[in-house]
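The numbers here are math on the coordinates, done by the rules we state, and not lab data. Source: prediction; values computed, not measured. When we count neighbours, we look across all protein chains shown, and the Cβ atoms used for this are built from the backbone with ideal geometry, even at glycine.
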Amino acid sequence: MNTDRSDELSPASESFLGWRLRYIDSCKRHGVLPNTEILSGFLKAEVKKSCNEICSLEIILDHLEDIDVPPLLDVCANIETSEIEVVDIRNGPNCALHGEYALSLMRAFIQKLQVVDLQDLPFGKDFLRELSQKGLACQILNLRSSHFRNLNMAGKFMQIHTLNLDFSTSLTSFQEDCFTCMPILTCLSMCETRVANLWTTIAALSKLSSLVELRFQKWICCNDSAFPSASSGGNLEDQPDVRELLTDIDEESYLNQGTDEATGNVFSFDNIATGQQVQSMMEDSSDDNEVDFSSYWQEFDYMDMLANFSSGWNRQVNLQSELSSGTSGNKKEESLHGYFGRHIADVPSKYISHHASPICFEKHYREYMIASLPNLKVLDNLPVRKIDSERAAVTFSQYFEYLPYNRKHKESAVSILHKREIKDTRSHMLSKNQKPSYSHGNSQYSYTRSLCAAKLGSSAWPLLHSLSVSGCDLSDGSRSFRPRQFEYHPSLSSIMVFGTLDGEVVVVNHENEKVVRYVSSLGAMNSVLGLCWLKKYPSKFIAGSDSGLLKLYDIEHMPPTITGMYSAAGSITFDDFDQLTSVHVNSTDELFLASGYSKNVALYDINSGRRIQVFTDVHREHINVVKFSNHSPSVFATSSFDQDVKLWDLRQKPIQPCYTTTSVSRGNVMVCFSPDDHYLLASAVDNEVRQLLAVDGRLHLSFDIAPTGSSQNYTRSYYMNGRDYIISGSCDEHVVRVCCAQTGRRLRDISLEGKGLGNSMYVQSLRGDPFRDFNMSILAAYMRPNSRYEIVKVNLLASCGDAMGYSKTRDSCPSISMGG
């Protein structure tokens, strides 16, 4: 006897049959053919249900076209109330779906969306921006090999517990609002990114109150042992050291070919993206501050080199094996050798690091992360034990400063001002016969320090501004300058002078960015390398070029602009000093010194305009910098690439130095006096920064800055607007370090980044603002041939959020990341 087939179906089968029929009916209404892969997905979910497995619907985006999405969305609206327990959405190497359709499909599921696997996603920057800003309701999000540059996942990700950003080789930093809406995120992986700044990273990660497992690299045991994740339970003190970020991973297969933690999919580290994918990703992102698709090939070259050097990450670089720098290629190779050979962390040698991000190379990286994230249970596959936390706390207090002036706790500026107001009110109420007794902690000086600490600690991202001058009426219209050297004015807080690679001298109001005076070289000068203001005559300054030309300018007698021909008005010319690199005026404005690519120092009389004397062979190699003391008009210091720093006194007719002090390993790039002349700050090649007692040259403090291994990494260091803190930067690095001048502890790192890997920046020079606490300017250059230079002003006491929309209006200002 014939019976209706529907009578033989179980209720579950009848339900799934109904879903398929609804989908077919929806396709008819939209005028498209049903997608067999979607029908197959419903069928597979039915089979899982009948086998008492989790009933999951898997949607593979590779199998969909744009026309398939509308009919699928019609039926997805009712899946939330169906027997389907979870929905997984994945993409593959051949996805043709447009990003807006993919997003609409993902957001059709509110409660049942479990895994969204978008590794190597082909959807473009608009998709990433939309995803980041509006969020997603999934539990596991895999964004491996995505193209974020400045990550800003500020949207609502209220259900996400696992996020994978491995191999996102454009990712360098985080925006202030990143991770603000991920309350239950417990596992985060960012292996082989370009994240490098400890402070910015911690500021972003500290918003993740549930984070227990974090990874910037994979420590793998040499014996290929496999161990369970800490998140799977057990006592961390008793478990072996190596474990995976997620469970469900077989260690042997992981070592051989890699496994995607979020999805369980097997992938190969050598096949992250195909050539076809890369070609589709090469689109311009010059107007986008978050996503970078512009330099995909170069970025993978960079990260491939990083992976190739992984075997040497747990050893100190062998300085004797450094490469010579005969060509720029050799210099790059040498720099990489030093960078990737640095010590990563205090990890036993039986473990090998794989796919480390640059942050892992920071000295005391592991201890800093553990001390800053007290809820962390696993870092880079290694458990965080009680002894690790105790050691991290000791290391942090020894090498890092939480807030300026050793303040231990963050306090609001409003609270500090309120306390000061109450104290002032009470003091006025005292009788005339009573003396107000202020303790040192309540002095005006202490209040100023407390305000600085409060402002610096209130935000992890300082205010950054690229100086863009205007108001110069040039014959060829508006133009951009190429600054090569600059100096703040010592008594006028708004004035700065800079010299350019083209020999121009520009006096600028750096507050309103207007040109005050301008001198065009018109061939009279080459690159301006030496600048120094006079102190008693604030309108005058000395300028010197690498061609040897030396001039005294008076801005009161200089015309506002010079066009058409070179004018000598307002200037005095001195005898040349060939291959000049440095000039400096003494405290009485009577004399100045010049040094350069020679072993000699020349002394000039400013009043007469004559060269008085040349001191010959004062060093064994060329003298890069010469500096007078700030208060003694006859005392000066020289720094040379012969590794010596020498102190001299003109009253002794400098035949012999007062003393000589020698750097440990490399030549000295520069030296300067502290504002009170108590100390000398000497900077040698590759981050060897020392503070010496000016009276006798004894070592007072050696700053703990890790070397890169490059003999071309020229380091320059200066005091800020006092002797409490120094700033240090090097020409092979994009980082400026702020350190306490009394303890050597690091307060902050400031990282400069251009747009895309091809626009990475480095520090050419820097100066502390003499009038503003924790303000500075950085002369930055881009790491490419014929790169441009720009002066970047940094205010550590103001947040980038204080200048709303600023980053959208500037054309060339680099991205900055800094922590707090």
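Using alpha-carbon positions, what is the distance between the centroids of the range 53-76 and the range 601-671, in Å?
75 Å
Can you give me the Kirkwood hydrodynamic radius for the range 615-695, using every pair of distinct Cα atoms, in Å to one decimal?
Computed over Cα pairs of the range 615-695, the Kirkwood hydrodynamic radius comes out at 12.4 Å.
Hey, which of these cross-link pairs are over 19 Å Cα-Cα: 156/207; 540/653; 48/112?
540/653
Counting pairwise Cα distances across the range 707-758, what percent come out greater than 14 angstrom?
58 percent
Per-residue counts of other Cβ atoms within 10 Å, averaged by peptide: what ranking do you get for 659-669, 591-601, highest first?
591-601, 659-669
Over 31 Å between Cα atoms: which of 386/793; 419/627; 377/408; 455/536 fall into that group?
Table pairs above 31 Å Cα-Cα are 386/793; 419/627; 455/536.
If you scale each eigenvalue of the Cα gyration tensor by 5 and take the root, what three semi-axes come out for the range 36-167, rounded to whole angstrom and sorted largest first?
Taking √(5λ) for each Cα gyration eigenvalue gives 24, 16, 14 Å.
Evaluate the Kirkwood expression for the hydrodynamic radius of the range 109-191, namely the inverse of the mean inverse distance over all pairs of different C-alpha atoms, and round to one decimal in Å.
Working: mean 1/r = 0.0794 Å⁻¹.
Taking every pair of different Cα atoms in the range 109-191, averaging 1/r and inverting gives 12.6 Å.
So how strong a dipole does the range 626-718 carry about its Cα centre when Lys and Arg Cβ are +1 and Asp and Glu Cβ are -1, to the nearest 20 debye?
200 debye
Based on the mean of other Cβ atoms within 10 Å per residue, sort peptides 365-374, 176-185, 394-403 so the most packed one is first. It would help to have the intermediate numbers written out before the result.
Numbers: 365-374: 21.2, 176-185: 19.2, 394-403: 16.8.
For the peptides 365-374, 176-185, 394-403, the packing ranking is 365-374, 176-185, 394-403.
Restricting things to alpha carbons, tell me how big the range 618-753 is in terms of Rg and Dmax, in Å.
14.3, 48
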